[in-house]
1. I'd like to know if the range 116-124 contains one or more residues that are more than 30 Å from residue 60 (Cβ to Cβ) and either part of a loop (DSSP other than H, G, I, E, B) or touching a residue at least 24 places away in the same chain (Cβ under 8 Å) (or both).
2. Residue 163 fails exactly one of the following numbered conditions: (1) more than 16 Å from residue 244 (Cα to Cα); (2) in contact with a helix residue (DSSP H, G or I) (Cβ under 6 Å, 6 or more places away or on another chain); (3) open to solvent by less than 90 Å² (accessible area, probe 1.4 Å); (4) not acidic (Asp, Glu). What is the number of that condition?
3. Is it true that some residue in the range 259-275 is touching a Lys or Arg at 6+ places or on another chain (Cβ under 6 Å), free of Cβ contacts under 8 Å to residues at least 40 places away in the same chain and of a type in the set (Val, Ile, Thr)?
4. Can you tell me which residue within the range 44-57, out of those that are open to solvent by 50 Å² or more (accessible area, probe 1.4 Å), free of Cβ contacts under 8 Å to residues at least 24 places away in the same chain and more than 30 Å from residue 222 (Cβ to Cβ), is nearest to the chain's Cα centre (by Cα)?
5. Which numbered condition trips up residue 84, out of (1) of a type outside the set (D, E, K, R); (2) modelled with pLDDT of 90 or more; (3) loosely packed, with under 15 Cβ neighbours inside 10 Å?
6. So for the range 227-238 (the condition being part of a helix (DSSP H, G or I) and among the aliphatic types (A, V, I, L, M)), does at least one residue qualify?
7. Consider the range 196-226. How many of its residues are part of a strand (DSSP E or B) and acidic (Asp, Glu)?
8. Just to be sure I understand, how many residues within the range 199-230 are over 18 Å from residue 141 (Cα atoms) and either surrounded by 13 or more Cβ atoms within 10 Å (Cβ to Cβ) or not acidic (Asp, Glu) (or both)?
Amino acid sequence: MISWNEAGRVWEDDHGQLDAEQVAQCERADVAEPLRSPIPIRMISNGEYMPVPQTEQQRRVEARVEELATSASDKLGITRRAFLRSSGGMAATLLAMNEVFGRFFNVSLIEMFEPAAYAAAAPPRDLFVFDDQLHFVRGSKPSPAGLRAIAQGPTSAPAVKSNPFNPRGQLDELGQAWSVWNPALVGLPIDPGYAHITQFIKDVYLDSQVTIGLLSNVTASSVQIEGEKPRAPRNAQEAQRGEVLTAAQTAAARNFINEISGSRRMLCHGLLYVGQGNLDWLQEQTDKNEPDSW
């Protein structure tokens, strides 16, 4: 990773990921939390920052979840793991959090044992859902096969023949080198347009509960200039060559979706570049694109 040094006006290496010494102090999430609660009960690192140690309150929640899960699974005649994977396990976790942090969740004891009771208290079908970080890829770029493959699993073949993010074949918490993240994706073809705007509209506004979405983008960290090796962009104009969606395209997509829907179903991000040299570009976005946030 790299970052911009404004004083020296140069790009510098930025070790944004944990180094080997820091990684040695961490444990895999499935090892550190063997209970595997439906809701994590300690901070999990994203690989950039050292996780904060589990707090006393979190330890109390974890212990209470274990007590409730053990008792309930015995009464139901199932394994504790099976219980925690059920709606009863979610109810137990919410009950434990209410006991430690105060009553934040509307959940009752009966929901641990009766799925119908849990379903009756579930969110309504017309729930307002705001998704604040959506992405798709501009039409001039092919959809990234690896991102779909990691979630879809082995049915990604022949487009992707092995786990693209696990070249060493290490086993995950399920004992597999390539687990399926989303069963709904199994068997779907991975074509160059799966992450383009038409599929995006179908997936987000027709096949999900999203009411309003915020379309985001990614400031390019690498660009390919003809005759040069891939390198960090030196300014916002160069960066636009490598972005999956430019600031102008993001705003245009928002305007298009709102026009065809007849309502404000989409908001959009502007692209925030560091460095005083990019202030004019930020002002241009404000004037021309009117981003809803940055």
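The values are calculated or read from the model by the stated rules, or taken from the named source; none is laboratory data. Being a predicted model, the structure only gives us computed values, none of them experimental. Note that we place each Cβ from the backbone using ideal geometry, even for glycine, and neighbour counts take in every protein chain shown. Accessible surface areas use protein heavy atoms only, side chains included; no ligands, DNA or RNA. Shrake-Rupley method; radii C 1.70, N 1.55, O 1.52, S 1.80 Å.
1. Looking through the range 116-124, at least one residue is more than 30 Å from residue 60 (Cβ to Cβ) and either part of a loop (DSSP other than H, G, I, E, B) or touching a residue at least 24 places away in the same chain (Cβ under 8 Å) (or both).
2. Among (1) more than 16 Å from residue 244 (Cα to Cα); (2) in contact with a helix residue (DSSP H, G or I) (Cβ under 6 Å, 6 or more places away or on another chain); (3) open to solvent by less than 90 Å² (accessible area, probe 1.4 Å); (4) not acidic (Asp, Glu), the lone unmet condition for residue 163 is (2).
3. We begin by selecting, within the range 259-275, every residue touching a Lys or Arg at 6+ places or on another chain (Cβ under 6 Å); these are 266, 268.
From what is left, the residues that are free of Cβ contacts under 8 Å to residues at least 40 places away in the same chain are none.
Within the range 259-275, not a single residue is touching a Lys or Arg at 6+ places or on another chain (Cβ under 6 Å), free of Cβ contacts under 8 Å to residues at least 40 places away in the same chain and of a type in the set (Val, Ile, Thr).
4. This residue is 52.
5. Answer for residue 84: the failing condition is (3).
6. Within the range 227-238, the first condition is being part of a helix (DSSP H, G or I), and the residues that meet it are 236-238.
This time we only want the ones that are among the aliphatic types (A, V, I, L, M), so: 236.
Looking for residues that are part of a helix (DSSP H, G or I) and among the aliphatic types (A, V, I, L, M), one finds at least one in the range 227-238, hence yes.
7. Taking the range 196-226 as the starting set, the residues that turn out to be part of a strand (DSSP E or B) are 212-215, 223.
Restricting the remaining residues to those that are acidic (Asp, Glu) gives none.
Here the count works out to 0.
8. 14
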